[in-house]
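Inspection log for the structure reproduced underneath, given as structure tokens.
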Amino acid sequence: MDRENFNSQQQQNYAADGYQQSGYYGNQQQDNSADEYNNKSNENTMYSSIGLDEREKRTYELVVCQQPLHARMCGFGEKDRRPIDPPPIVQLIVKQQGQDSLVDVQMLQIPFFVLHVTLWSDDRSEERNIISNPPKCTRVLMGSLVSSPSLLKNPEGEQGLYFAFPDLSIRTEGRYTLRFSLMKLVNSDFQENAKSKIVAQVFSDPFTVYSAKKFPGMTESTELSKAFAKQGLKIPIRNDVRARKTD
């Protein structure tokens, strides 16, 4: 298997199974350090979280290197899916505890990392994954909510470990943010009734989901998306984007 691309369908299924078996959807134990947010601000990155793995004496930092800008609501049908634009991409940075030098990503057990995404209000105070409409509840965030990592080079030629979410869509309009939670699966996580621990979390910038009438249109794919697509990452690419006509 090509070491440059770990984003195969088999690994996606493995990661999703790992979350279910490890009790992520139950009462997971969360590392307190994952709730301490270090603010980082530039044109692509806003909030970053650093978590500590006591067993390996390593710190795990999540950086949203491609922020969601907007989306068109997809409503409550199952066919008219409209992805978040641009697709969110999160980088994992690993350091040895107490050191500034990065851990070589080639030395990491890459398939054992999984990143899960949830939908939150724009002020990060409330989770917005579910709409409660008795007698049933409906998911608001649609698509692949779990991503496995890919070993890729950015447009500057720097190699890193990235998680992409190319098919997320949202049913209802409004202002939202995404929360990404990193887990590292170990052998004990696959035991029945096991509880797993989140080792790092990060929020995206707030973004707007528009109604069909108000949506300004999709943007041209970023250089980051294009660079990753050339390396085999399954991510939609748009080169010819026309401005939407307005009344």
Report yes if K197 is within 22 Å of H116 (Cβ to Cβ), at pLDDT below 95, touching a helix residue (DSSP H, G or I) at 6+ places or on another chain (Cβ under 8 Å) and of a type in the set (K, R), otherwise no. no
Contacts under 8 angstrom Cβ, first residue in the stretch 141-152 being touching a residue at least 40 places away in the same chain (Cβ under 8 Å) and closer than 8 Å to F165 by Cβ, partner part of a strand (DSSP E or B) and of a type in the set (S, T, Y), 6 or more apart: G143/S169
Kindly check whether there is at least one residue in the stretch 136-148 that is in contact with an Asp or Glu (Cβ under 6 Å, 6 or more places away or on another chain) and either closer than 27 Å to C74 by Cα or modelled with pLDDT of 85 or more (or both). yes
Can you find, within the stretch 115-135, the residue that is surrounded by the fewest Cβ atoms within 10 Å (Cβ to Cβ) among those that are among the hydrophobic types (A, V, I, L, M, F, W, C) and at pLDDT 95 or above? W120
The strands (runs of 3 or more DSSP E) lying wholly within the stretch 84-145 that contain at least 3 residues that are among the β-branched types (V, I, T) are 89-96, 113-121
Determine, yes or no, whether I130 is without any contact (Cβ under 8 Å) to a residue 12 or more places away in the chain and among the β-branched types (V, I, T). yes
Considering the stretch 98-122, residues that are touching a strand residue (DSSP E or B) at 6+ places or on another chain (Cβ under 6 Å) and of a type outside the set (A, V, I, L, M, F, W, C), and then whichever is farthest from D167 (Cα to Cα), we arrive at D122
Enumeration of residues in the stretch 141-174 that are touching a Ser or Thr at 6+ places or on another chain (Cβ under 6 Å) and either at positive phi or surrounded by fewer than 19 Cβ atoms within 10 Å (Cβ to Cβ) (or both): M142, G143, D167, E173
Which condition from (1) of a type in the set (D, E); (2) closer than 19 Å to V199 by Cα; (3) at pLDDT below 75 is the one that E61 breaks? (3)
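The values are calculated or read from the model by the stated rules, or taken from the named source; none is laboratory data. Remember, it's a predicted structure, so these values are computed and weren't measured experimentally. Note: ideal-geometry Cβ built from the backbone for every residue, glycine included; neighbour counts use all protein chains shown.
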